[in-house]
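For reference, the structure is listed below as structure tokens.
Every read-out reported here was derived from the displayed coordinates using simple, explicitly stated rules and does not represent laboratory data. What you see is a predicted model; the values in this text were computed from it and never measured. For neighbour counting, all protein chains shown are included, and Cβ atoms are generated from backbone atoms with ideal geometry for every residue, glycine included.
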Amino acid sequence: MKNRLAIGVVLLGMAMAGQSAVVGQSKGPVTLALTGDSIIMQRLSPFVEPEFTGLMNLVRGADAAFTNLETLFHDYEAPPSHESGGTWMRTDPPILKELVWAGFDLVSRANNHAGDFGPQGAQITSKYVREAGLVEAGVGNSLREAREAKFLETPRARIALVSAASTFTPSSAAGNTRGDMPPRPGLSPLRFTTTYIVTPERLADLKRVSAELSGQAAPAGDTLNFGGRRYVSGPVAGQRTEPNKQDMEEIARVVRSAATLSDIVIVSLHCHEGGANRSVPADFIPIFARAVIDAGASVFVGHGPHVLRGVEIYKGKPILYSLSNFIFQNETLLRMPADSYEQYALGAGAETADYLDARYDKDRRSFPADREYWDSVLATTKWEGGKFVELQLHPITLGYQTSRADRGRPKLAAGADAARILDVMTTRSKAFGTSVVVKNGIGIVTPAP
């Protein structure tokens, strides 16, 4: 017994000596690989082009890698919802292993496709995601659960992920319970309000129409609620949006808590909404992004519009307003519900290719016809001593005007493609006061001194 006790004392002393040797020492720099939307339908691992494998090595080389998982994984156990996020997205469950093979660790699930197959489809997807070893955030069996931060342990840092969506089908938003019935499963929503600005003359016209339809006198003042919209008088026509105060406060509270429990906090927002054009975020998005940085977030990652938006450095932290697409295989779905075919008057004998030809006019409109949807970046960020020190933007292409079987799989861009993509990021970031310096085909952003 004494010998055992002596051995135990020696081992304890060795352990304490080892601990004292590392206390206060830095774990070294921390790097994150951040991407936009991943609509993955096909395997990645068979491909060996240098432009593809080089990109995968960048993802794997980071301490942690994030993507927005914008498809569901199940074997059709769940029926399609009455409405979808545009397409009823579903992928074979084994394909999740391909994301792990690519090097991803963290996925956001709050997006407009989260409810494509109802609560059951979302819950089955969560089961497969967790079994694959991926950390997911943004969905849950209640609103409180969907709001939660989720955590990833790495040798150099504990990383938190908080995920929400401003673009979603109404039935896919999660809800809480008062104890008298079960909570509603779904996603973490960020709602917003829109105010439409019209000239005084147009407001007077709207008031007359409102009075004629309602049979009541037109309201006085320079505002009007009509047809489910709020109009105000202004010198120039336009619109402004504001985030829902309750949603923003709830998410910020989660971020503040996560910041005390981790080294780095990622806040992800799926947001299609634009301002003057699709490359400019709607007004409420910068308000929300800056609010979560104020609450303790290390980086804000936007995605959803399927195009690139600019970068802002706010209080020394990066805000990436949209990283566009990373994997965009939305044309190789195995099956689609009858609703998809009916909207294009396609009969019972129609196949997937017929639907795609009708939807995209044989690649002459929408996604296949617009190069911008097929240009993107991989963002890698670096922190030292808890401080953000550098952002790198690696330009990638997803196969514009290649075949449906090939396009949507990302590869590192070079030459004119890389120059075009980096020029877009330089121009769009300049609007936020951010300078992108291009070196050796990579866009580099550093915080101001």
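Mind listing which chymotrypsin sites (Phe, Trp or Tyr not before Pro) in region 69-121 are in a DSSP loop and have 13 or fewer other Cβ atoms within 10 Å? Here the chymotrypsin sites (Phe, Trp or Tyr not before Pro) that fit, given the DSSP loop and packing criteria, are Tyr76. In this structure the amide hydrogen of Ile197, modeled in the peptide plane, comes within under 5 Å of the amide hydrogens of Val232, Gly238, Gln239, Arg240, none closer than 5 places in sequence on its chain. Overall, the chain carries a charge dipole of about 1340 debye about its Cα centre when +1 sits on the Cβ of Lys and Arg and -1 on the Cβ of Asp and Glu, all other atoms neutral. For the residue pairs Lys315/Lys439; Lys27/Lys382; Lys97/Lys127; Lys127/Lys150, the alpha carbons lie more than 19 Å apart in Lys315/Lys439.
Taking the average, over residues, of other Cβ atoms within 10 Å as the packing measure, peptides 180-189, 281-290, 228-237, 38-47 rank 281-290, 180-189, 38-47, 228-237 from highest down. Distance from the C-alpha centroid of region 312-385 to that of region 259-274: 22 Å, rounded to the whole angstrom. Membrane-span-like helices in the chain (whole DSSP H runs, Cα extent of at least 27 Å along the helix axis, mean Kyte-Doolittle hydropathy of at least 1.0): 2-22. Backbone amide hydrogens, once placed in the peptide plane, bring Ser268 within less than 5 Å of Val162, Ser163, Ala164, Val301, excluding anything fewer than 5 places away on its chain. Reducing region 25-53 and region 150-170 to their Cα centroids gives an inter-centroid distance of 17 Å.
In order along region 311-328, phi translates into HN-Hα couplings of 10, 10, 9, 10, 6, x, 10, x, 10, 9, 6, 6, 9, 6, 9, 10, 10, 9 Hz, rounded to whole numbers, per the Karplus curve 6.51 cos²θ - 1.76 cosθ + 1.60 with θ = phi - 60° and x for Gly and Pro. For region 134-150, backbone phi angles converted through the Karplus equation (6.51, -1.76, 1.60; θ = phi - 60°) give residue-by-residue couplings of 8, 8, 10, 9, x, 9, x, 7, 7, 5, 4, 5, 5, 6, 4, 7, 10 Hz, Gly and Pro being listed as x. Summing Lys and Arg as +1 and Asp and Glu as -1 over all other residues whose Cβ lies under 14 Å from the Cβ of Gly61 gives a net charge of +1. So I have (i) 1.14; (ii) 1.08; (iii) 0.92, and one of them is Cα Rg over 2.2 N^0.38 Å calculated from this model. Which one is it? Given (i) 1.14; (ii) 1.08; (iii) 0.92, the structure-derived one carries the label (ii).
Two numbers describe the Cα atoms of region 192-238: Rg and Dmax, which are 10.3, 31 Å. FRET efficiency for the Gln120 to Glu145 pair, using the beta carbon distance and R₀ = 22 Å, is estimated at 0.85.
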